[in-house]
1. Going out from 0 in 10 Å bins, what whole percent of all Cα-Cα distances in the stretch B:17-140 drops into each bin?
2. With the cut-off at 28 Å, tell me which of the pairs A:357/B:102; B:193/B:416; B:113/B:303; B:303/B:548; B:193/B:261 have Cα atoms farther apart than that.
3. Positive end of the charge dipole of chain A (Lys, Arg +1 and Asp, Glu -1 on Cβ, about the Cα centre): tell me which of A:239, A:460, A:152 has its Cα farthest that way.
4. With the Cα gyration tensor of the stretch B:51-244 in hand, give its eigenvalues times 5 under a square root as the equivalent ellipsoid semi-axes, listed largest first in whole angstrom.
5. Taking chain A as the reference, fit the longest principal axis to its C-alpha atoms, fit the long axis of helix A:106-123 to the helix C-alpha atoms, and give the angle between the two in degrees, 0 to 90, nearest 10.
6. For residue B:355, enumerate residues with amide H under 5 Å from its amide H, sequence gap 5+ or separate chain, H modeled in the peptide plane.
7. If ligands, DNA and RNA are left out, what is the accessible area of residue A:78 with a 1.4 Å probe, given in Å² to the nearest 10?
8. Under 19 Å Cα-Cα from residue A:128, which lysines qualify once same-chain neighbours fewer than 8 residues away are excluded?
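The values are calculated or read from the model by the stated rules, or taken from the named source; none is laboratory data. Nothing here was measured: the structure is a model prediction, and the numbers come from that model. With ideal geometry, Cβ positions are generated from the backbone for all residues, glycine too; neighbour counts draw on all protein chains shown. Heads up: the accessible areas ignore ligands, DNA and RNA and are worked out on the full protein's heavy atoms, side chains in. Shrake-Rupley method; radii C 1.70, N 1.55, O 1.52, S 1.80 Å.
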Amino acid sequence: MIDWWTVLFYVLLVVAGWFSICGASYEFDNAGLFDPSGRPGMQLVWMGLSVVLIFVILMLESEVYDVFAYLMYAAVILLLVVTIFIAPDIKGSHSWLVLGPIRLQPAEFAKFATALAVAKRMGTYGFKLTTPKNFLSVLALIFLPMLCILLQKETGSALVYLAFFLMLYREGMSGYILLAGVCAVAFFVLSMKFSGVLLGATPLGELIVSCLILLLVIGLVWIERRDKWAVRILSGAVAVAFLGGWAASFFMPVNYAWIAIGVLLASVGYLVFLSIRNWVWHYVLIAAFALGSLAFMYSVDYVFTDILEPHQQVRIRVALGLEDDPTGAGYNVNQSMIAIGSGGLTGKGFLNGTQTKLKYVPEQDTDFIFCTVGEEEGFIGTTLVLLLYGAFILRLIVLAERQTSVFSRVYGYSVASIFFFHLAINIGMVIGLTPVIGIPLPFFSYGGSSLWGFTILLFVFLRLDASRRER
Amino acid sequence: MEINTKYAFENRRYVIGGVIVLVILVFIVRLFFLQVVDNDYKAWADSNAFLKKTLYPSRGIMYDRNGKLLVYNQPSYEVMVVMREVQPFDTLDFCQILNISKEQFVKRIADIKNRRLNPGYSSYVPQMFMNHLSAQECGVLQEKLYKFPGFYVQNRTIREYAYPNGAHLLGNLGEVSRGEIKKDAYYVPGDNKGKSGIELSYEKILRGEKGVEILLRDARGRIQGHYEDGKHDVAPVSGKNLKLAIDMDLQALGEKLMRNKRGSIVMIEPKTGEILCLVSSPSYDPALLVGRQRGENHAMLAKNSDNPLLNRAVMGTYPPGSTFKPTQALIFLQEGVITPETRYTCAHGYTYRGGKPACHGHASPLDLSFALATSCNSYFCWGLHDMLDSRKRYPSVQDAFEVWKNYLVSMGYGYKLGVDLPGEKRGFIPNSKYYDKYYRKRWNSSTVISIAIGQGEILATPLQICNLAATIANRGYFITPHVVKEIQDLPLDTLYTRRRYTAVDPVHYEVIAEGMRQAVLGGTCRGAALPDIEVCGKTGTAENPHGKDHSAFMGFAPYRDPEVAICVYVENGGFGAVYGVPIGKLMLEKYLKGEISEENKLLEETMANAVVSPNSLTLPDGEL
């Protein structure tokens, strides 16, 4: 039995998406919404074909996806590699296969194949995520398509594969890997944001980050070992050091960042000592985390200037509010926020948005489609869409949890994670919370490849779910 | 297949679910602030999408009393710039077309962006880059405009003057100042408004109402039509036309006669209070203050030591001299100090004070009519003495003086008359407190005697003097003098239609009129006599501390049913009969007869060519 709730959410999202595309591509001398030469008309065609796809997916036996998982994965990888070489240059990316009038983006279909392959690998008998060999094999399955897409210069689509880590976390991957990822982003953002800001003799960025590291170290010691004495000694050292620094500041300029780093290094020594005395690994791992974080903090500048490309640097600087460039890199976000903000509580009404109608927001029917919702349907519309998405993704998690096989559960979580990642990054970008990363909003953004990719991703899972009792 | 039994990880679904819910909540909160709380985005969106194009109304035009076109509009062009639409372009080419230097260009752009100089600056709104371009200059730019994104040409109009006369009364337009923008939100930088004369005093009537066209502009700056098919557009309302009371031929003659002299001629139609001409000399061609040369020319005129920008007719305050005597006679008659038959003696001066003020030789004792005709100083000094120093009528000199002053105020002295021209001065009529302070309360008629003959502290504008003539012509009332005769579709202010009676009974005016008629028939004003017209007049020779006496003439004609009142005031012109009377006569003849008769042509040329100057007089247009 197919899960009709999910189907209902799917239909609602796709229909709402179609109306948004109408609003976004509406022109003054418009030929009509159902004209197949216009984007709303084309999207209707894609939607019709999606229905056909859905039927095909649901007609197939659920075993097909299990059995042919690796084959499909291999085929997709091949397609991705071929695409790198034969795809024409479209706005700097090489991700589109052009077959006559039809343009196809293989990366959109790679997600479901990768999810299947990962699910297959993790569902095999005796698979343990905690063994390095197994873990690495899964990582390889995830990173291979990601690398291909990076080579196609589609950074946004490649980053989507990081969504698999959410699924891996559910399947038993250490939470510290996610924590490390979050910390890396947080440290990066904080050191960038406050780099060069001086508070007296103290560089603020270094102070904030090293204090954060100290807090994490103490927190980890408590969570991992429940070692009251160690926590007391570490907290005491921090307090004494800062009080001493404060007292010294009456006589000379004090660099509090050095104090924090000094305490941190002393703590590392103390943790190593504890590790040896108690003969447990945890302390030395925490010490390694502290040292690694410190090293990361000092390498941010290098990473930023030498690893990231200039346009990415600018996007990040703009997103962090370090650079204000409303006509350049900030233009998209600025205009998209204007469009959304001008919608007010109830919006300007369907097809009445001036910002979208007059093409102020670039990519407004693809990556920035959410602007149209914001401008024409207002806060009520955006909230409804977000709630609908929330319900949709949470429903997918409920479905994933009720699976009887690891294969299906892993696949289900992968689907939920991918949708969530798209939602979080796309909307975050449109409302100016995350850097501009060009990925579509599932079911809303115009495009056949994207709609089909997500439809396949979703309905394969619904097909698996429908036959969960047989498996 | 085996079911993974690591139940320990099952709870992680709540962590994941929690993260999802948290992210969505953060988004909703952010959207709430963006869409509901913060209103700036709406304004930005509007300024993004709506190009509010101002539609300028055509300014009202002015005609003279005979329907001659005086001031009208000519097309002119302005270069506007919308900063956010400007893209790199060939600055050198642009500067060459507009005939400006690169430095000027850079400075102008910096000035536009400077919010201190240009407080309303917005990069979305068209800003005035350069104004007053001729059709030719603009034509070249129009052709190449596509090369300069962000720059537009806007049609405006500038004023054109049909005659080189009447600069003071017509006034001129200039760019609004920052203070004016602050006071009246109607204006935006680059707008023109009246800066002087009728242009200033009738600004709100002449300017009309701006309209606005709300156009939709897409992201590339292309216009996509009217917002909601022009439902919100407002059409401009043209300014109202004015018909002035001025007779431009008369005005031109007045300016010609006053050439190379400093002073003023004012003529009023007594029955209506309409100002027929209002000459202030030296004058200038009003066309000098139009267009791009305005600033330069204005500075030049402002620096000129003869102060051509000053409208002497309403801003110049002079001792009225003997033209003041009729007011004294009226007061004495009304207060019963004298009757028309009262005679005073005169022995070449006011004997009560040892012959001062002095007087010229004439029969003595003499009655009022003859005193006016010969302009006897002593007569009016005796009158003032009898009024102020008589404790029978008034308990104190102060009380007497207040009565005296109030009469003058009722005749339009000492306060602004309320003419429809900017900058009118009130002149000066002292009150008793003034003398109490000055003489520490110890004073009498002898102390202040020179006020009886329009000297001393008394100051009046030529307009006030002319208004006295009009009041006498009307035998007791006047209508506030005004330049504008009719406003298109609007009634005149009742101030300019209402009779204002003085505190003196109309019956007393007849003897004054008779005295002034006598002055022309056989007194000081003989030079004003015209065949067929019964001219009445009063000369004035005003002593002043700045040099030679001022020459003044005040009169009206005809004696019965007067049609015109006049005041001529020539600074440093000497006796009233030297310049005031002959100029007055010519002006009266011109107005009443339509032209100067043959026998007076020579006088006209003599007067026009006479130079009266305490120092060198150079007219701004180089004409001497």
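1. Pairs per bin, as whole percents: 9, 24, 24, 17, 13, 7, 3, 1, 0.
2. Over 28 Å Cα-Cα: A:357/B:102; B:113/B:303; B:193/B:261.
3. Farthest towards the positive pole: A:239.
4. Ellipsoid semi-axes (Å, largest first): 31, 20, 17.
5. Result, in degrees: 60.
6. Counting only residues 5 or more places away or on other chains, the set is B:350.
7. 120
8. Straight-line reach from residue A:128, under 19 Å: A:120, B:6.
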